[in-house]
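Below is one structure, written out as structure tokens, with a few remarks after it.
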């Protein structure tokens, strides 16, 4: 994901919070302060993503949110398939925020006949029906939540059937053609990075305390 | 997460794959090619994170992996608490990769007495026991999987009890003091970014096809 797009998500989260607080208009300076960038950066990002607004009196929050909405949902076709109904797949299939943001998981798939009997809002099919469902719902985006050992094989199958975007939860680097967009969500990496920074900070504080201790000792 | 740390994760994923393929030694050039950066960048990142190896004949993969391991698990104390046992929390509590990578969720918490009856490998406690458990297991890192409406309140409580790192799955920007490290995993953003790029590419291809069409038409 490009850093500018990440910042757009950050601005949006800020705008949503401001809106909940009853605020109607916002300056790029406010957004900059809230997200830790410069007002210039905010305006540059808005211009990159073609988000325009009346700068003199500030931007209307509703207006900005609507424009951001259009960025991601220009086509009304946000049909998604989810492959792998293990613990993570099941949780993702039930994640209500996707629907609230107009992203519809139209079908889920698993090789395990037992999992095909799961009864939730969304049907669970066998993998043999993958192509049929992708074609019928004109699906372009898939969520991959299969074990790492089968991730590459399933990714190959998905792209063969016309999928061009994959959110991959399996902790493997998928090999795909250049046209296919992959977004890896590696839960271990996310947790390990926090652990890394926490330890680093503890060590830094430890050294600082040691320094203070030496200063106090006055040989 | 810093981009250099992200690349370390990427190198590690490559190394794991190479190791599975039976490769024993690797050059920075190989890692660079596999991850789309320059060999200089690889060496610079290694040096930033104090990862050293015999450069002349290449790095030993096992050696690199061991050094990366130490980055994240220098302290053996990787005890973690998980707050919120909804669908996502439950899936995370069962995520076996965490244990495989020496990250132990020692306890989970939920305000719902019904969820406190969930029987899996890890106990589910009421929130009233949060401080006691954090103290007993000397926990520094928490996974936050509560609804967005209670995320800030729970984050405040966690930091009050000494938590300094949070992986936050609630789609809100948490306000915390500077010492607290937050890593946001926003599932909607991850999915929307893929949708954005897929649509962008489809539109680009659409224009290209239109151009070709016009060329062919030869007014």
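With respect to (1) buried (at least 18 other Cβ atoms within 10 Å of the Cβ); (2) more than 11 Å from chain A (Cβ to nearest Cβ), the lone exception for residue B:11 is condition (2).
Of everything listed in (1) assigned to a helix (DSSP H, G or I); (2) farther than 26 Å from residue B:189 by Cα; (3) touching a helix residue (DSSP H, G or I) at 6+ places or on another chain (Cβ under 7 Å), the single unmet condition for residue A:111 is (1). For the stretch B:97-107, filtering for residues that are farther than 24 Å from residue A:149 by Cα and either within 19 Å of the chain's Cα centre (by Cα) or assigned to a helix (DSSP H, G or I) (or both) leaves 2. Within the stretch B:130-147, not a single residue is assigned by TED's automatic domain parsing to the domain that holds residue B:175, within 15 Å of the chain's Cα centre (by Cα) and at positive phi.
Counting only residues that are touching a residue at least 12 places away in the same chain (Cβ under 8 Å) and farther than 20 Å from residue A:171 by Cβ, which one in the stretch B:56-75 is nearest to the other protein chains (Cβ to nearest Cβ)? In this case the residue turns out to be B:59.
Taken over the stretch A:25-51, the residue count meeting the criterion of being surrounded by fewer than 12 Cβ atoms within 10 Å (Cβ to Cβ) and either at pLDDT 90 or above or farther than 14 Å from residue A:6 by Cα (or both) is 3. Somewhere in the stretch B:191-211, is a residue more than 27 Å from residue A:13 (Cα to Cα), surrounded by fewer than 22 Cβ atoms within 10 Å (Cβ to Cβ) and in contact with a strand residue (DSSP E or B) (Cβ under 9 Å, 6 or more places away or on another chain)? No, because not a single residue in the stretch B:191-211 is more than 27 Å from residue A:13 (Cα to Cα), surrounded by fewer than 22 Cβ atoms within 10 Å (Cβ to Cβ) and in contact with a strand residue (DSSP E or B) (Cβ under 9 Å, 6 or more places away or on another chain).
When the stretch A:1-51 is filtered for residues that are part of a loop (DSSP other than H, G, I, E, B) and touching a strand residue (DSSP E or B) at 6+ places or on another chain (Cβ under 9 Å), the ones remaining, listed by number, are A:1, A:24, A:27, A:51. The set of residues from the stretch A:91-111 being more than 17 Å from residue A:169 (Cβ to Cβ) and surrounded by fewer than 22 Cβ atoms within 10 Å (Cβ to Cβ) comprises A:96, A:99, A:100, A:101, A:102, A:104, A:106.
The values are calculated or read from the model by the stated rules, or taken from the named source; none is laboratory data. Just so we're clear, the structure is a prediction, and the values are computed from it rather than from any experiment. When we count neighbours, we look across all protein chains shown, and the Cβ atoms used for this are built from the backbone with ideal geometry, even at glycine.
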